[in-house]
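Working notes, beginning with the structure itself.
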Amino acid sequence: MTKDIQLKDFPLITFDKIRYGDTDRQGHVNNASFATFLETGRAELFYKELHGLLPEGATFVVANINLNLLGEVFWPGKVDIGTGVIHIGNSSIKVLQHIYYNGKCVAIAETINVQVKNNKSLPLSDEMREAMGRWFFDV
């Protein structure tokens, strides 16, 4: 994971508003809010861009998340979220995400997301694999 990647380099870019309720007692955005910002980026990918490719009753769940916090974020404002697919498995998709605040990378995360149906992993369809190629991010 490298913080040298710029927001413009990501195949999918979105943003989230920083809410007053995201702050902790020190006035920083709480670390749990970073996970929410990352979820915004993943939801754009899995449920907006790929919505029609999910089999009926299937969804994606987070199986693993590795989040590195690199800088402080304060309210009010917004964060920009870059998201890209870095690995496609049998039923899983690994994404790399960066969070930027005022143009600076403040968090890096890799998340493994598994497609499931009826609480069991579900292999990705050929159509899903092909569509993921659009969001592939070679780092």
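Values quoted throughout were computed directly from the atomic coordinates according to the rules given, and no laboratory measurement underlies them. Remember, it's a predicted structure, so these values are computed and weren't measured experimentally. Virtual Cβ from ideal backbone geometry, glycine too; neighbours counted across all protein chains shown.
Against the definition (in contact (Cβ under 8 Å) with a residue 12 or more places away in the chain, among the aliphatic types (A, V, I, L, M), assigned to a strand (DSSP E or B) and farther than 24 Å from VAL139 by Cα), how does VAL116 come out, yes or no?
In short, yes.
Got a sec? Which of GLY52, GLY82, GLY89 is surrounded by 16 or more Cβ atoms within 10 Å (Cβ to Cβ), within 18 Å of TRP135 (Cα to Cα) and either in contact with a Phe, Trp or Tyr (Cβ under 7 Å, 6 or more places away or on another chain) or not β-branched (Val, Ile, Thr) (or both)?
Just one listed residue meets the conditions, GLY82.
For segment 1-34, how many residues meet the condition of being surrounded by 12 or more Cβ atoms within 10 Å (Cβ to Cβ) and basic (Lys, Arg)?
Final tally of qualifying residues: 3.
Would you call LYS120 basic (Lys, Arg) and more than 14 Å from the chain's Cα centre (by Cα)?
Criteria met by LYS120.
With respect to the numbered conditions (1) touching a strand residue (DSSP E or B) at 6+ places or on another chain (Cβ under 7 Å); (2) at negative phi, which one is the sole condition not fulfilled by GLY77?
(2)
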